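Here the structure comes first, spelled out in structure tokens, and everything after it is commentary.
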Amino acid sequence: MSVDSMYQEIILDHYKNPHHKGLREPYDAQVHHLNPTCGDEITLRVSLDGENVADVSYDSEGCSISQASASVLTDLVIGRSVAHGQAAYDAFVELMQSKGQLEPDEDVLEDAVAFAGVSKYPARVKCALLAWMAWRDAVLQAAADVSGSAS
Amino acid sequence: MTLDPAAKLAIDIARIRKDFPILDREVRPGVPLVYLDSAATSQKPAQVLDAMRDYYERHNANVHRGIHTLAEEATAIYEGARAKVATFVNASSPSEIVFTKNSSEALNLLAHVLPFGPGDDVVVTEMEHHSNLVPWQLATQRTGATLKWIGLTDDGRLDLDDLDRVITERTKVVSFVHQSNLLGTINPVDAMVAKARSVGARVVLDCSQSVPHMGVDVQALGVDAIAFTGHKMLGPTGIGVLWAPLARLEEWPPFLGGGEMIDEVTMAGSTWAVPPHKYEAGTPPIAEAAGLGAAVDYLTDVGMDAVRVHEHELTAYALEQLQSIEGLRIIGPPTAEMRGGAISFALGDLHPHDVGQLLDEHGIAVRVGHHCARPACLRYGVPATTRASVHLYSSTEDIDALVEGLRQVKVFFGA
Ligand SMILES: Cc1ncc(COP(=O)(O)O)c(C=O)c1O
């Protein structure tokens with residue numbers, strides 16, 4: 001097992017030049033998630049437009065894996081349907097639990113397939129999942145708010 | 001602290017390393033282990049492992065229960081370990097040594113039994129391990145007392161200018177760390193004790209990182225209680241120590257209830273066994289005590305002055321080498337003065353997780369994270385640090401491997 005399988009070029013690129021970073025208005029829900037064992041943090045906002053994700057913005061601090069993962073996540077979900085984002089979430093969580101045994105589906109996960117190697121390092125899986133957990137939490141809150149105010 | 005330079009001669013690193021089987025292993029084929037995480041837990045010499053095995057193979061029985069031969073041997077081993085620990089820290093009697101599960105339990109015990117209430121203050125510092133912070137947070141919340149703390153200076157020391165403001169007539173307890181696990185700082189016990197005594201406060205010292213690395217004399221410290229933990233001083237996990245003068249242990253109420261800690265029990269109520277048994281409810285960690293006793297023998301053989309001198313020199317060397325790396329910032333005192341061998345640092349903007357992962361690739365074990373001292377990390381504006389820490393078996397080669405590893409980390413991330 002070599003560390004190069006974790007630090008893929010794609011991951012290092014997203015780490016050095018994160019996409020969609022920074023907190024933006026407007027938003028429907030904001031969450032703050034923390035990884036208590038290592039101090040990684042993310043504040044993440046979701047803005048919905050009907051069934052679609054209008055924007056995901058975030059401010060975060062943490063290791064290359066957690067930072068790159070947030071960047072990849074936003075690429076996958078912004079401008080697409082909530083359902084698509086949900087499918088990507090499910091696929092990513094499954095990949096992270098796979099201990100390196102799963103061949104990821106590039107159609108669903110795009111750049112996130114680069115994280116397959118991370119799943120072999122149990123201590124780093126939670127780094128990769130931090131932004132995704134925040135995203136799921138925020139999108140559930142946003143959807144509840146939007147449906148709540150519409151009815 | 002006076003260091004006897006001649007004491008150094010007693011440390012023969014090559015011989016000592018042979019006693020620690022784990023130091024010979026490879027992390028992966030061809031990649032030898034470089035263990036620099038002794039502040040998290042120390043490695044164990046064969047003598048400790050042998051003592052525990054011998055206990056289980058030949059003497060295993062419950063202690064203080066029964067008159068058969070094994071029970072008496074087990075009791076002798078357990079009480080013998082208590083006597084060794086008492087001598088090791090210069091307690092006036094083995095009865096002042098209470099075995100707990102670890103430091104955390106000893107500190108929780110103290111936070112439960114020391115008297116304070118509404119209107120009283122308990123004082124800690126901003127560099128405490130969570131184990132010497134959270135128990136006091138819980139206890140002050142429960143009793144209606146107020147928790148206050150002494151801040152830190154930019155170079156990782158207690159801000160003694162805070163003393164008169166924070167420690168006042170209302171202060172009932174001052175609890176602080178002897179040697180910081182995050183910053184390495186050795187705190188000025190005398191100044192703190194003098195201030196606490198001037199207002200009549202009790203003093204608790206968290207010696208988790210000092211007893212393993214320097215001679216600690218509880219009578220010279222002049223405090224009311226100390227806590228330390230077996231697994232950081234070459235002993236096993238599962239056993240810790242609370243020391244307090246007998247008078248205090250007699251005066252304070254019990255903590256956990258159960259077998260062994262009682263004198264007379266009726267359905268209506270009970271009376272308490274004499275210390276230390278009053279604070280040892282249930283079957284104690286007997287094999288662990290056998291191991292800790294062997295660890296204390298080992299440290300005593302080498303000599304704590306020799307340990308201290310060796311680690312002091314290694315720390316000075318490590319600080320100098322580390323600071324020759326461009327972009328590396330020490331979090332804590334930058335020189336070896338009044339400092340132990342736990343060295344936290346930031347490497348440019350690189351996250352400690354990434355640093356630690358790549359060092360592991362070279363077999364180098366360091367700790368990354370907030371080291372259970374999150375408030376101090378926040379104080380220095382870092383979410384986490386990378387920490388290298390040594391013990392008596394650590395060598396300059398270990399430090400050289402770390403420095404070389406860090407240079408390669410920088411190359412990998414183009415930092
Ligand atoms: C300064 C300090 N206090 C307390 C503790 C807690 O020790 P334990 O986890 O063995 O209870 C530690 C070790 O982690 C420590 O370094």
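The values are calculated or read from the model by the stated rules, or taken from the named source; none is laboratory data. Note that the structure is a prediction, hence the values are computed from the model and not measured. Backbone-built Cβ (ideal geometry, glycine too); neighbour counts: all protein chains shown. The area values use the complete protein model at the heavy-atom level, side chains included, leaving out ligands, DNA and RNA. Shrake-Rupley method; radii C 1.70, N 1.55, O 1.52, S 1.80 Å.
Computed quantities for the displayed model
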item	result
Residue list for region B:186-205, restricted to those being touching a Leu at 6+ places or on another chain (Cβ under 7 Å) and within 16 Å of the ligand (Cβ to nearest atom)	B:187, B:189, B:204, B:205
Some residue of region B:206-219 being over 20 Å from residue B:392 (Cβ atoms), away from the ligand (no atom under 16 Å from the Cβ) and not basic (Lys, Arg)	yes
Unique match (being within 19 Å of the chain's Cα centre (by Cα) and over 30 Å from residue A:124 (Cα atoms)) among B:287, B:281, B:295	B:295
Criterion violated by residue B:81 - all others in (1) open to solvent by less than 50 Å² (accessible area, probe 1.4 Å); (2) within 16 Å of the ligand (Cβ to nearest atom) satisfied	(2)
Enumeration of residues in region B:111-158 that are within 16 Å of the ligand (Cβ to nearest atom), open to solvent by 20 Å² or more (accessible area, probe 1.4 Å) and hydroxyl-bearing (Ser, Thr, Tyr)	B:131
Verdict on residue B:340 being small (Gly, Ala, Ser) and more than 12 Å from every other protein chain (Cβ to nearest Cβ)	yes
Residue check, residue B:258 modelled with pLDDT under 95 and more than 11 Å from the ligand (Cβ to nearest atom)	yes
Considering residues of region A:25-44 that are more than 12 Å from chain B (Cβ to nearest Cβ) and exposed (fewer than 15 other Cβ atoms within 10 Å of the Cβ) only, the residue farthest from residue A:78 (Cα to Cα)	A:32
Among (1) more than 13 Å from chain B (Cβ to nearest Cβ); (2) open to solvent by 40 Å² or more (accessible area, probe 1.4 Å); (3) among the polar types (S, T, N, Q); (4) over 17 Å from residue A:112 (Cα atoms), the one test that residue A:57 misses	(2)
Residues within region A:1-60 that are more than 25 Å from residue A:87 (Cβ to Cβ), modelled with pLDDT of 95 or more and of a type in the set (Gly, Ala, Ser), tallied	1
Flag for residue B:318 being away from chain A (no Cβ under 14 Å) and more than 16 Å from the ligand (Cβ to nearest atom)	yes
Residues of region B:234-248 satisfying the condition of being more than 8 Å from the ligand (Cβ to nearest atom), surrounded by fewer than 24 Cβ atoms within 10 Å (Cβ to Cβ) and either within 14 Å of chain A (Cβ to nearest Cβ) or within 16 Å of the chain's Cα centre (by Cα) (or both)	B:236, B:238
